[in-house]
Amino acid sequence: MANSLWDTTAISYSGCAAQVFFYLFLLAAEFYLLTVTAYDRFIAICRPLHYGTLMDSRACVQMAAAAWASGFLHAVLHTGNTFSIPLCQGNTVDQFFCEIPQILKLSCSDAYLRELGLLVVSVFLVFGCFIFIVVSYVQIFTAVLRIPSEQGRHKAFSMCLPHLAVVSLFLSTGMFAYLKPPSLSSPALDLVVAVLYSVVPPFGVIHKYDECYLLHVTSADAK
């Protein structure tokens, strides 16, 4: 943002490292929170009468803390490993911020394979969370389709679809950015994809329970 406001294209080495750290930290934490939100939606719709017990304030704090702690660990590992690799291919990053794939292009050492290994581990973690989200939504939609009232179904869908859209955009563009073959890489494409997974999803605000679904559950719906 500062570079854009002052029309500069320079950043210090330590600033670049800090940018990578906070970027990865917030990115990972956001995805873990999206996974937690899927669980929250599952409980609200499939276990509505137990929602107050399973999703009390203590459980919410613990899950949020686990998401932030996991994001912090993820960022530390990737940032430390990335900036331990010697760079010899210049100092120009073909992106509007310091991004790991672009930094690895400047490497002149086989040590970048360590970072690729970490990326593979991250992909498996993301895939595990993705499977959890998919399974949760399969059960959610199965339960929603059994709700007899049209108003109840509409309320459930309006609560879930924004979250599902954000998850889909976040995962598809993020995985494409990090896993696409080098032959598909271009400055323009990398820029567009980076905006799609780093800027757009945070604006997809997850709806709060201003009109809590539990208040609209009838005895028939609960069954």
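The values are calculated or read from the model by the stated rules, or taken from the named source; none is laboratory data. Keep in mind that this is a model prediction, so the values were computed, not measured. Don't worry about glycine lacking a Cβ; one is built from the backbone with ideal geometry, like all the others, and counts go over all protein chains shown. We work out accessible area using only protein heavy atoms, side chains counted, and drop any ligands, DNA or RNA first. Shrake-Rupley method; radii C 1.70, N 1.55, O 1.52, S 1.80 Å.
So how many residues does the stretch 191-209 have that are over 12 Å from Phe31 (Cα atoms), at pLDDT below 70, assigned to a helix (DSSP H, G or I) and not β-branched (Val, Ile, Thr)?
Summing the residues that are over 12 Å from Phe31 (Cα atoms), at pLDDT below 70, assigned to a helix (DSSP H, G or I) and not β-branched (Val, Ile, Thr) in the stretch 191-209 gives 1.
From the list Ala75, Ala17, Ala29, which residue is over 18 Å from Val126 (Cβ atoms), open to solvent by less than 40 Å² (accessible area, probe 1.4 Å), in contact with a Phe, Trp or Tyr (Cβ under 8 Å, 6 or more places away or on another chain) and not basic (Lys, Arg)?
Answer to the check: Ala17.
Sort through Leu118, Leu104, Leu113 and tell me the only one that's at pLDDT 75 or above and open to solvent by 20 Å² or more (accessible area, probe 1.4 Å).
The match here is Leu104.
Name the pairs: first residue in the stretch 23-47 and closer than 18 Å to Tyr137 by Cβ, second residue surrounded by fewer than 18 Cβ atoms within 10 Å (Cβ to Cβ) and β-branched (Val, Ile, Thr), Cβ to Cβ under 6 Å, at least 6 apart or on different chains?
Filtered contacts from the stretch 23-47: Thr37/Ile206.
For (1) more than 24 Å from the chain's Cα centre (by Cα); (2) within 21 Å of Phe170 (Cα to Cα); (3) surrounded by fewer than 17 Cβ atoms within 10 Å (Cβ to Cβ), each residue gets a yes or a no:
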{"position": "Phe21", "(1), (2), (3)": "no, yes, no"}
{"position": "Thr35", "(1), (2), (3)": "no, yes, no"}
{"position": "Arg47", "(1), (2), (3)": "yes, no, yes"}
{"position": "His50", "(1), (2), (3)": "yes, no, yes"}
{"position": "Cys60", "(1), (2), (3)": "no, no, yes"}
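Report yes if some residue within the stretch 3-12 is open to solvent by less than 50 Å² (accessible area, probe 1.4 Å) and either free of Cβ contacts under 8 Å to residues at least 12 places away in the same chain or small (Gly, Ala, Ser) (or both); otherwise report no.
no
Scan Met159, Met175 and give me the residue that is modelled with pLDDT under 75, under 14 Å from Arg41 (Cα atoms) and either part of a helix (DSSP H, G or I) or open to solvent by 40 Å² or more (accessible area, probe 1.4 Å) (or both).
After applying the criteria, what remains is Met159.
For residues that are more than 14 Å from Ala44 (Cβ to Cβ) and either crowded, with 18+ Cβ neighbours inside 10 Å or at pLDDT 85 or above (or both), tally how many sit in the stretch 131-156.
Summing the residues that are more than 14 Å from Ala44 (Cβ to Cβ) and either crowded, with 18+ Cβ neighbours inside 10 Å or at pLDDT 85 or above (or both) in the stretch 131-156 gives 7.
Could you list, in sequence order, all residues of the stretch 13-22 that are among the hydrophobic types (A, V, I, L, M, F, W, C) and touching a residue at least 60 places away in the same chain (Cβ under 8 Å)?
Cys16, Ala17, Val20
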